[in-house]
1. Please compute the contact order of the chain in relative form: average sequence separation of alpha-carbon pairs under 8 Å and at least six residues apart, divided by the residue count, as a percent.
2. What does a probe at GLU186 reach in the range 197-211, counting residues whose amide N is under 18 Å from the point 7 Å along Cα→Cβ?
3. With 25 Å as the limit, write out which pairs from LYS108/LYS139; LYS69/LYS194; LYS37/LYS120 have Cα-Cα distances beyond it, or answer none.
4. Give the accessible area for ASP107 in Å² (nearest 10); use a 1.4 Å probe, count only protein heavy atoms, and leave out ligands, DNA and RNA.
5. By how many degrees, 0 to 90 and rounded to 10, does the Cα axis of helix 7-26 deviate from the longest principal axis of the chain?
6. So for the pair LYS311, VAL198, with labels modelled 7 Å out along Cα→Cβ, what separation do we get in nm?
7. Using packing as a proxy for protection, rank 306-318, 94-106, 240-252 so that the peptide with the highest average count of other Cβ atoms within 10 Å comes first.
8. Kindly report the accessible area of the chain per residue (heavy atoms of protein chains, probe 1.4 Å, no ligands, DNA or RNA), in Å².
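The values are calculated or read from the model by the stated rules, or taken from the named source; none is laboratory data. Note that this is a predicted model, so its numbers are computed, not measured. So basically every Cβ, Gly included, is an ideal-geometry build from the backbone, and we count neighbours across all protein chains shown. Note: areas computed on protein heavy atoms with side chains; ligands, DNA, RNA excluded. Shrake-Rupley method; radii C 1.70, N 1.55, O 1.52, S 1.80 Å.
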Amino acid sequence: MTTNLSRRSLLALGAGLGAGLGASTMLGGSALAKAPKLGTQTPYWHRFVLGDAEVTIVSDGTLPLGPPKGTFVGVPDEEVRKMLSDNFLNPDNVVLEQNSPIVNNGDKLILFDTGMGTSKAFGPTTGRQQKSMAEAGIKPGDIDAVVLSHAHIDHIGGIVGADDKPLFPNAQYYITQSDFEFWTDEGKLGSPLKDFVVHARRNLLPVRDRIVFIKDGQEFLPGVQAIAAPGHTVGHTIFMVSSAGKSFAFLGDLTHHAVLLLEKPRMEFSYDTDPKQAAASRVKLLDTIAANKTPVMSYHFAWPGYGHVAKTGDGFHYYAEPMKMEL
């Protein structure tokens, strides 16, 4: 059966609805329920299938950097602010996410990066990873491997708890030797890097006997290959994660921002050990990722950080993957 609705009939319908609402209002407004505000939020985890593996992304919470000036370098401040506002982002406070994938390949449960832990160097919104894991039904004692992209405070901070005891008691830890040695060097305690070194020593030294050093190109765990991406730190590494013909690249800190450091990938980031080398690594690896149409999982992009990177002119554009509800 086909129903034709003319403009006149639609207007009449609207008038009728309005009259009905008016009548109910006169009778005390009981037609509209007054539900209480819940004041709760969804759990901070997301799960999907990769080939034969199951991937669960857990969050350590948001990490605010504050105003972009002085942090994103090499492009005029007003241009940076415009790039943010044009993308509906706050130009006065750059906020990053902290997204860690946990890959269950059927043999091992592998966590990538551990968040800020107990440190509140970037404010009170970090340090959520353990809570997110609990929400996702994952126990720290079940983690077999902790893979570290580098030894910065927001990536190794959750290895130990407030009591300085390891939170993943049954795990082996994987990192480059150069990054381990650089950030645990006692001689740097008197340098501007002191806070980062203190945090790295606090988290890495208690598990030193469980650390395995990884090398560029090495498949050091089933379906996990290391790819050198130096510059952000001396041994910064990204990882190709694969299962049954499907894969994604875990970017670590190859690029911190889905707008600023993609649209202008040669922009420098003040937390880089060698900003120019970091920019060169970013351009080289993103070129390859975009050309191969490899999905990416980014630690710092908007939650949950999974999507695709495409080449656009001299830069790149990030396309977030829709979150699928089915498994």
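1. Reported relative contact order: 15 percent.
2. Under cut-off, by backbone N: 197-209.
3. Cα-Cα > 25 Å for LYS37/LYS120; rest within.
4. 110 Å²
5. That helix lies at roughly 90 degrees to the long axis.
6. 4.6 nm
7. Values: 306-318: 16.0, 94-106: 22.2, 240-252: 19.8.
Those peptides, ordered most packed to least, come out 94-106, 240-252, 306-318.
8. Here the residues of the chain average 50 Å² of exposed surface.
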